[in-house]
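K.L.:
Sharing a structure with you now.
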Amino acid sequence: MTSQEIIKQTISFVKNTLKNAEGGHDWFHIERVYKNSLLIAKHEPVDTFIVALGALLHDIADSKFYDGDETVGPKMARTFLAKLPLDAAVVEHVIQIIENISFKTSLEGKHRFTSAELDVVQDADRLDAIGAIGIARTFNYGGFKNRAIYDPEIPPKLDMTKAEYKASTAPTVNHFYEKLLLLKDKMNTKTGKQLAVKRHEFMALYLQQFYAEWEGKV
């Protein structure tokens, strides 16, 4: 089985697994991260095959939809990858990407695993969390969880621990300050940093308009 055949089979698996997923974490999210990963990978010294598999499987079972259980995704990915003709080192690398890609993992203040491939996929995933699409995904998830859009009496909570972040039920606008606006400065690659600038500026402009409308000034 060629690498392209493996990628094709992985795409089919992910599409089928996420066919009923929440709109911000569905196949289209995976597809965008996959495309951005390949774009960034062109400018980085990485194994593009590992990047592709990591991007396609990074959100196969997001813990927020499994009662916070962070082991479901890696287990599901490992079971799938075990059926393919892959070197054990490749499988382990992909699993490490899945286990270490999330923003909340960075809140632990320690790096459990690092690789150039993880850097690429993480940047691509973070790019999809900001800008116009990031805003749409954020409010989609807030609605999915029946959260308030905004409450002036509930300020954003900065410097949260991983446990606090996972347990948060704050209004959706707070998420901009607790995560989204922080991502531009957390990009790993040169390309990721460049792509993040315009998306970051768009979010800042959106919030300016949001508050003006909230106050009845425009």
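We did not get these values from a lab; they are worked out from the coordinates using the rules stated. Just so it is clear, the model here is predicted, and its values are computed rather than measured. Quick reminder, even Gly has a Cβ in these numbers, built from the backbone with ideal geometry, and neighbours come from all protein chains shown.
K.L.:
Show the residues, 5+ positions off or on another chain, whose built amide H is closer than 5 Å to the amide H of A148.
P.N.:
T172
K.L.:
How tilted is helix 131-144 with respect to the longest principal axis of the chain? Cα atoms for both, answer in degrees (0 to 90, nearest 10).
P.N.:
That works out to roughly 80 degrees.
K.L.:
Enumerate the calculated ³J(HN,Hα) couplings along the range 206-218 in order (Karplus 6.51 cos²θ - 1.76 cosθ + 1.60, θ = phi - 60°), each rounded to whole Hz, writing x wherever the residue is Gly or Pro.
P.N.:
4, 5, 4, 5, 4, 5, 5, 5, 4, 7, x, 9, 9
K.L.:
Could I ask something else about it? By how many degrees, 0 to 90 and rounded to 10, does the Cα axis of helix 116-127 deviate from the longest principal axis of the chain?
P.N.:
For helix 116-127, the angle is close to 40 degrees.
K.L.:
Right, something else. Need one word for the range 10-69: rounded, prolate or oblate. Basis is the Cα gyration tensor (sqrt eigenvalues a ≥ b ≥ c); a/c below 1.5 gives rounded, then a/b vs b/c decides. Walk me through the numbers before you get to the answer.
P.N.:
Values: a/c = 2.27, a/b = 1.94, b/c = 1.17.
Prolate.
K.L.:
Could you rank the peptides 43-51, 78-86, 153-161 by their average count of other C-beta atoms within 10 Å per residue, with the highest value first?
P.N.:
For the peptides 43-51, 78-86, 153-161, the packing ranking is 43-51, 78-86, 153-161.
K.L.:
Pick from A116, A129, A163 the residue whose mean-square fluctuation is largest in a GNM of the chain, springs joining Cα atoms under 10 Å.
P.N.:
Among A116, A129, A163, the largest GNM mean-square fluctuation belongs to A163.
K.L.:
Let me ask another. Restricting things to Cα coordinates, could you compute the convex hull volume per residue of the range 114-218 in Å³?
P.N.:
Details: hull volume 11.5 nm³, N = 105.
It comes to 109 Å³ per residue, whole-number rounded.
K.L.:
Can you classify the range 100-169 as rounded, prolate or oblate using the Cα gyration tensor, where a ≥ b ≥ c are the square roots of its eigenvalues, rounded means a/c under 1.5, and otherwise it's prolate if a/b beats b/c and oblate if not? Kindly include the intermediate steps, with their values, before the conclusion.
P.N.:
On the way: a/c = 2.70, a/b = 1.45, b/c = 1.85.
Oblate is the answer for the range 100-169, as a/c is 1.5 or above yet b/c matches or exceeds a/b.
K.L.:
Distance from the Cα centre of the range 51-108 to that of the range 150-218, in angstrom?
P.N.:
One Cα centre to the other: 26 Å.
K.L.:
Under a Cβ-only charge scheme (Lys and Arg +1, Asp and Glu -1), can you give me the dipole magnitude of the chain about the Cα centre, in debye to the nearest 20? Before the final figure, lay out the partial values.
P.N.:
Values: 28 positive and 29 negative charges, 53 e Å.
Dipole about the Cα centre, nearest 20: 260 debye.
K.L.:
Provide the per-residue ³J(HN,Hα) series for the range 27-43, in order, calculated from phi with Karplus coefficients 6.51, -1.76, 1.60 and θ = phi - 60°, each as a whole number of Hz, with x at glycine and proline positions.
P.N.:
4, 5, 4, 4, 4, 5, 5, 4, 5, 5, 5, 5, 5, 5, 4, 4, 10
K.L.:
With θ set to phi - 60°, apply the Karplus curve 6.51 cos²θ - 1.76 cosθ + 1.60 along the range 53-60 and write out the HN-Hα couplings as whole Hz, x wherever there is a Gly or Pro.
P.N.:
Values, residue by residue: 5, x, 5, 5, 9, 5, 10, 5 Hz.
K.L.:
Using only Cα atoms, find the angle between the long axis of helix 3-17 and the longest principal axis of the chain, and express it within 0 to 90 degrees, rounded to the nearest 10.
P.N.:
That works out to roughly 50 degrees.
K.L.:
Follow-up. Can you give the net charge of the other residues whose Cβ lies under 15 Å from the Cβ of N16, counting K and R as +1 and D and E as -1?
P.N.:
On the way: positive: K8, K15, K19, K83; negative: D26, E31, D59.
Counting the neighbours of N16, the net charge comes to +1.
K.L.:
Using a/c under 1.5 as the rounded threshold, could you call the range 1-119 rounded, prolate or oblate? The axes a ≥ b ≥ c are square roots of the C-alpha gyration tensor eigenvalues, and prolate needs a/b larger than b/c, oblate otherwise.
P.N.:
On the way: a/c = 1.33, a/b = 1.07, b/c = 1.23.
Verdict is rounded for the range 1-119.
K.L.:
Compactness ratio of the chain: Cα Rg over 2.2 N^0.38 Å, N = residue count?
P.N.:
1.04
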